[in-house]
Every structure is written in C-alpha cells, then in structure tokens.
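See structure below.
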Amino acid sequence: MVITVEVANFAMKKVLIDQGCSMEILYMSTFKQLQVPQSEIRPYQEQLVWFSGERVDTRGYIDLLTTFDDEKSMRTISVRYLMEIIETSYNILISKLALNALRAIDFTPHLVMKMAQQCYVDSLKVVTTRSSKNKEDNVMENVELDPRPSVEQDLEHIKRL
C-alpha cells in the first residue's frame, strides 16, 4: 500500500507500507530533498540483506518526526529511518514497527490504513463483572505463606541453645 506522510515538515508521497519489513528505510535521494543537515545522520555501516539475497550498504540512521493522517485523526511519532543508497520508485519504506507505534492496522486488500480511536482502545480494556449466582466466597486474611520461620522463632531457638 502506498500513502503520503509528512516527514520533517515536508509532504512525502510514494511511501510504501510493508509489513514484511522489519525497519523503516529512508533512501538517500529522498533525504537530500528534505534539507536536513548531514550532521543529523548517526553512523551505522552494516549491510542489509533483502529477501532476494541482495546485500545493500547503509549510510547510517536518522530520527525524524513523521506525521500520519487519516480522515479522523492525525498522529506524529519519531521514526528511526535507516539510510540506504539504492534506486527505487518509493521515497520511504514504513515497516510494522512504525505501524505498531501508531496502533495502526493496514488493510491491504482495501488499500486503507486505520489508526485506533480512543473509544475503540477503551472498549478493549477488560471489565470484570460479578456473576449473578450467589456464591460463597472463602476469604482467608493474613495467611502466612512463607515456609521460613519468623525472626521471633529464630531468636527463641537461639536463646534455648
């Protein structure tokens, strides 16, 4: 699914949502358009291995504020993007990590992405109710479950010796 997001105060089109990916990726060609200083990039020189087995060099990572907007809500989160130098038709790749942080669900067959509203999140909370049957509850208070003897018992034992 391809969406539009706001990254570092720039509207970014052609953002691919890929739940099979394990990290967010910002391509260097896109980074240059954002006008963010190069000094913001943190070093990270490891290679990534794609599903095809192809190895891709990385140029570091950067944390950028990213705003996701749907019809009912807008959320801004800090996203850590791994920087790659490859040519692609997308500007950014968003993974399941960012979707989880947003509490968003991707409905790929319908080409929509929804973020959970607070009323929905509240409805998922567990509510305990009492059974209508009258049951006798056996409540035991101040039950000592520690098998070790108490300090007083130890002192009495020592005094006897």
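Only the coordinates and a few stated rules stand behind these numbers; no lab work does. If you're wondering where the values come from, they're calculated on a predicted model, not measured in any experiment. So basically every Cβ, Gly included, is an ideal-geometry build from the backbone, and we count neighbours across all protein chains shown.
Values for this structure:
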{"quantity": "Residues with amide H under 5 Å from that of ARG103, placed H, sequence gap 5 or more", "calculated": "none"}
{"quantity": "Net charge of neighbours whose Cβ lies under 10 Å from the Cβ of PHE31, counting Lys and Arg as +1 and Asp and Glu as -1", "calculated": "0"}
